[in-house]
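Asks: Okay, handing you the structure first.
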Amino acid sequence: STCLAIVVLLVSVSALAQEPAYRVIVHSGNPTASLSRDQLADMFLKKVTRWPNGETIRPVDQRSSSPARKELTERVLRKSLAAVRSYWQQLIFSGRSIPPLELESDAAVVAFVARHRGAIGYVSAEAKLDGVKVVVTK
């Protein structure tokens, strides 16, 4: 029975490892319920700038030391933080775009997204989500 308990524990731990350490959030009035990884990447890299209803997409990032940012960058953007920084430096230098606003905390991201209809952000899995809606990512 000790063997069985160890197997159950290992299965539980590996299942937990698959769950992202972040949740993607939008304004509570946003009709979007789910986004693909590619759609999300295009929004955070500003390759897509409007929601289907025409509203401007306003992505917000967490500070670069945030575990949620590191995981979203690797899982969704499929880049390192350094590669994303380089991507934005090229766009800034050519005058084509600027990176998403960088906020200090989960609470700051939630507050920003709650105030701006077109906003999209991400927070750690345990963040309080007052006034925002979680979007399922596939």
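The values are calculated or read from the model by the stated rules, or taken from the named source; none is laboratory data. Predicted model, so just to flag it, every value in this text is computed and none were measured. Cβ atoms come from the backbone with ideal geometry, glycine included; neighbour counts cover every protein chain shown. The area values use the complete protein model at the heavy-atom level, side chains included, leaving out ligands, DNA and RNA. Shrake-Rupley method; radii C 1.70, N 1.55, O 1.52, S 1.80 Å.
Asks: If I ask for residues that are open to solvent by 20 Å² or more (accessible area, probe 1.4 Å) and touching a residue at least 60 places away in the same chain (Cβ under 8 Å), which ones from the stretch 89-114 would you list?
Replies: Result: Ala114, single match.
Residue-by-condition table, conditions (1) more than 17 Å from Glu104 (Cβ to Cβ); (2) of a type in the set (Lys, Arg); (3) open to solvent by less than 40 Å² (accessible area, probe 1.4 Å):
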site: Ala33; (1), (2), (3): yes, no, no
site: Asp38; (1), (2), (3): yes, no, no
site: Phe44; (1), (2), (3): yes, no, yes
site: Lys47; (1), (2), (3): yes, yes, no
site: Arg50; (1), (2), (3): yes, yes, no
site: Asn53; (1), (2), (3): yes, no, no
site: Arg63; (1), (2), (3): no, yes, no
site: Pro67; (1), (2), (3): no, no, no
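Asks: In contact (Cβ under 8 Å) with a residue 60 or more places away in the chain, within 16 Å of the chain's Cα centre (by Cα), open to solvent by 60 Å² or more (accessible area, probe 1.4 Å) and farther than 19 Å from Pro20 by Cβ, is that true of Arg117?
Replies: no
Asks: Continuing with this model, one more query. Within the stretch 53-68, which residues are in a helix (DSSP H, G or I) and closer than 15 Å to Val113 by Cβ?
Replies: Let us first name the residues in the stretch 53-68 that are in a helix (DSSP H, G or I), namely 67-68.
The answer is Ala68, and nothing else.
Rundown of residues vs (1) closer than 16 Å to Ser28 by Cα; (2) modelled with pLDDT of 95 or more, yes/no style:
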site: Asp61; (1), (2): no, yes
site: Arg75; (1), (2): no, no
site: Leu101; (1), (2): no, yes
site: Ala119; (1), (2): yes, yes
site: Ala125; (1), (2): no, no
site: Asp130; (1), (2): yes, no
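Asks: Report whether or not Gly131 is at positive phi and without any contact (Cβ under 8 Å) to a residue 60 or more places away in the chain.
Replies: No.
Asks: Moving on. Quick one: Met43 ticks every box in (1) within 16 Å of Ser124 (Cα to Cα); (2) assigned to a helix (DSSP H, G or I); (3) in contact with a strand residue (DSSP E or B) (Cβ under 8 Å, 6 or more places away or on another chain) bar one, so which box is it?
Replies: Only one criterion is unmet by Met43, namely (1).
Asks: Those residues that are more than 22 Å from Arg96 (Cα to Cα) and without any contact (Cβ under 8 Å) to a residue 24 or more places away in the chain, I need them from the stretch 25-63; list them, please.
Replies: Once the filter is applied, which keeps residues that are more than 22 Å from Arg96 (Cα to Cα) and without any contact (Cβ under 8 Å) to a residue 24 or more places away in the chain, the stretch 25-63 yields Pro31, Pro52, Asn53.
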